[in-house]
Structure formats: structure tokens, C-alpha cells
Amino acid sequence: MSTPTPASLRAAFGLEGQVAVVTGASSGLGRACALALGAAGCTVVVNHLEAMAADGEAVAAEIEAAGGKAMPFVADVSDEAEVEAMFKETVRRFGTVHVLVNNAGIQRGAKFQDMTLAAWRAVLDVNLTGQFLCARSAVREFLRRGPEPDVSPSLGRIVCMSSVHQTIPWAFEVNYAASKGGVMLLMQSMAQELATARIRVNAVAPGAIRTPINHDAWATPEALTELLKLMPYGRIGEPPDIAHAVLFLASDLSDYMTGTTVFVDGGMSLYPSFRGAG
Ligand code: BGC
């Protein structure tokens, strides 16, 4: 899975010249989404934490080296002022925003009885409050800018990065699972409320994808063998698998979709332990 967006698909996605903000874009799924949107012709705001500056700048440079346009931007998505500053600067530089990929997310697992309030809060702050803050800024901008019929039939599109754990309970990761369950209803409720304004909100629910967040689950052959038991399709996901679904939901090819979660998980959510008839 090396080419996220073949040049021939550029015209089909119709995203050329649009402005996309991708949060947590310095690594993993966010990086893949930023590269794919850049390849599809979007101007991409590559959001990252200060601590990830070198990686965030490298992603922006990679988009530009491929002929695209990108701006790295430091902001902690759980910080209201930093999120607002990021959207303000995006609009100042590029005129508006058309697409938000609400991707930034973290895991801080622990045995339930040992889970600290700090770990609970950190995960909820980034994974859920961060998505609320970025979506709110994006929606405010969509409404301020108003319709652009030559660009899209919608006022704007938001793609929320959820997880199979929006429905699959997850032992030792209760803060993460709770945050993704929250993302599901945040996404659906926003979609319901904002559809009349022609703002579309959808989610992608990845299963196990080869990124730094779950490094220990795939880094050794033994761990990978265990992990593959959970995936009927027989392989681990790669970041472009997710980026392709995000691209579709960000584009007008999905114009009649809102409030939907697209599971991209190799069958992980299909109760894999029943595949031999239970
Ligand atoms: C988590 C990964 C995990 C996957 C499947 C994702 O949401 O971030 O760590 O491997 O779900 O369990």
C-alpha cells in the first residue's frame, strides 16, 4: 500500500483547491490522511504538537515536494485558544476551510483499578474534547463563509477518526473506549443538527492499523500472530487503508452520506471468534 492517491483519481475526488485541516497529522493515520488530501489537490494544514515539530514539518514538506500545498501548525487540540488560533490563521492564509479531519488521538491504558484521573482526563481531553473544539471552529467557519456552489454542494465536511472501540468494549483501555463511544454520538448528533445547514459529518472506525499508537501489538512476529486472530481478512491495516476512506468521506462522492461510520477493520468488528461457527 504505497501510493495513497494515484494522480488519476485527483479529478474524481474533486477536492482540488480546497482547504483541509488534519489534526494529529505528524504521524500515523493523520499523516496518511494529510498526504492523501495533499495528493488529491487540497491545501493541507498539518496540525501537530510542539513536541512533534520535526515530524509535522516533514509531512508538510512531503506534500509540497509532491507538488501540493501545506502548512504545518502547532496546536494542542484540547486547548481552546490554540484551536481557535489555528483556524484563524488558516482562514487568514487560505481564505476558508472546507474539510476537517478530526484525527488527533492518544491511548493511556491501565488496569481499571490503577487508572489515574490524569490518564482518564488526558484521553478524554484529546480524543473527545479535541474533536468538539476543532469541529466547532470548523462549523463556525463553514457558516461564516457560506455556500460556494462551484466548489461543493455541501457547506463543509467533517470526518471524525473513531475506532472499532466505539462499539467493541476494551479491557485495560476504558478511557480510550469511552472516548470513542463519545466520538460516535458526538458525530451523529452533530450530523443530525447540522444537516439542514448542509454540513456533513461522518466517521471512520479503524481496526488495528500499523501505526505508532499500537506498536507493541504488531512489532514482534508473536504479537502480530496474536493480533491477526482478530482480523478475518488476514492482514494488519496500513495507514493508506484509512486515508482512502477519509478521502471518500471528505469528497462529494459521498455527498448523500452524513452521520455514518465507515468501519475499515479487516472484519475485526464481525465477532471473529465466531468465524468457525462458534
Ligand atoms: C487502537 C489500536 C488498536 C485498534 C484495534 C484502535 O482504535 O488505537 O491501538 O490496535 O483500535 O484494537
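Quick note: the coordinates plus some simple rules give every number you see, no bench work behind them. Note that the structure is predicted; figures quoted are calculated from it, not measured. Glycine also receives a Cβ, built like all others from the backbone with ideal geometry; neighbour counts cover every protein chain displayed.
Label zone (D255, point 7 Å along Cα-to-C-beta; backbone nitrogen cut-off 17 Å) within segment 139-155: 147-155. Overall, segment 6-261 carries a charge dipole of about 480 debye about its Cα centre when +1 sits on the Cβ of Lys and Arg and -1 on the Cβ of Asp and Glu, all other atoms neutral. A convex hull fitted around the alpha carbon atoms of segment 6-261 yields 130 Å³ per residue. Classify segment 157-278 from the C-alpha gyration tensor, please: rounded if a/c falls under 1.5, else prolate or oblate depending on whether a/b exceeds b/c. Cα axes put segment 157-278 in the prolate bin. Net charge of the neighbourhood of T167, taken over other residues with C-beta under 11 Å away and scored Lys/Arg +1, Asp/Glu -1, is 0.
Charged neighbours of F263, selected by a Cβ distance under 15 Å, balance to -1 (K, R count +1; D, E count -1).
Report, in deg cm²/dmol and to the nearest 500, the calculated mean residue ellipticity at 222 nm for the chain, where each DSSP H run with n ≥ 4 adds -39500 (n - 2.57) and the sum is divided by the residue count. Write out the running numbers ahead of the final one.
Numbers: 10 runs with 113 residues, N = 278.
Calculated mean residue ellipticity at 222 nm is -12500 deg cm²/dmol.
Is the shape of segment 32-80 rounded, prolate or oblate, going by the alpha carbon gyration tensor and its root eigenvalues a ≥ b ≥ c, with a/c under 1.5 for rounded and a/b larger than b/c for prolate? Since a/c reaches 1.5 and a/b is larger than b/c, the shape of segment 32-80 is classed as prolate. Database remark: amide H of A203 closer than 5 angstrom to the amide H of C160, T260, T261, V262 (H placed geometrically; neighbours at sequence offset of 5 or more, or on other chains; Pro and chain starts carry no H). Comparing Cα centroids, segment 219-278 and segment 120-186 end up 19 angstrom apart. Pairs of Cα atoms nearer than 8 Å and 6+ residues apart set the relative contact order; for segment 6-261 it is 20 percent.
The F112 and E226 beta-carbon pair, evaluated with R₀ = 25 Å, returns a calculated FRET efficiency of approximately 0.70.
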